[in-house]
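Written out below as structure tokens is the structure these notes cover.
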């Protein structure tokens, strides 16, 4: 019996044990990546408890949905880059005037807006100020002032007027990882988006920045930026 004939002769119910194993294994791996209090953790648990009893078509749909939505939930440990050089020192790179060029893409990868930014950075002890002026491709101008504070354990906190609470940052090797929630006006309303923000020092004058924004754990878009020290 050739494979195609064998497949056609099987009933949908014959696939159920295989789908159950695949779905259960996939969900177990995803749950390990998510915080127990996160919305997606609860969603995955719900799908896990219900879909294993559903018809085959619904099991396939549940598996496809989770594989599309949840892979990006895993977070890379900054320590992965501990041995990478050159070593990123925030008070050295973000000091003086920096120029940047970037773009915003939606979740499909389509470029929606481009921008340039000028940053005037300075430090007093363990406290840094980043005064950012953006010019967007549609003519909008925007200002953001970050206040960064180095903590006793070497981590950083950051605040800005449109950041909800504090940004938390960790430096390792040539990398900086920021996590924060930002308030963004869209359609006359303010929306809170979570940012997973990575910066990588390429050499003493060039830094690459990639930030993924999400809502309810679902990826909404991405910002890419190149910064060059003057």
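The values are calculated or read from the model by the stated rules, or taken from the named source; none is laboratory data. Quick caveat, the model's predicted, so the values are computed rather than measured. We place every Cβ from the backbone using ideal geometry, glycine too, and count neighbours over all the protein chains shown.
Computed quantities for the displayed model
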{"read-out": "Number of the exception - residue 93 against (1) touching a residue at least 24 places away in the same chain (Cβ under 8 Å); (2) loosely packed, with under 14 Cβ neighbours inside 10 Å", "value": "(2)"}
{"read-out": "Flag if residue 150 is touching a residue at least 12 places away in the same chain (Cβ under 8 Å), under 15 Å from residue 88 (Cβ atoms) and within 15 Å of the chain's Cα centre (by Cα)", "value": "no"}
{"read-out": "Filter result (under 24 Å from residue 115 (Cα atoms) and over 24 Å from the mean Cα position of the chain (by Cα)) within region 86-97", "value": "95, 96, 97"}
{"read-out": "Residue check, residue 217 surrounded by fewer than 14 Cβ atoms within 10 Å (Cβ to Cβ), at positive phi and modelled with pLDDT under 95", "value": "no"}
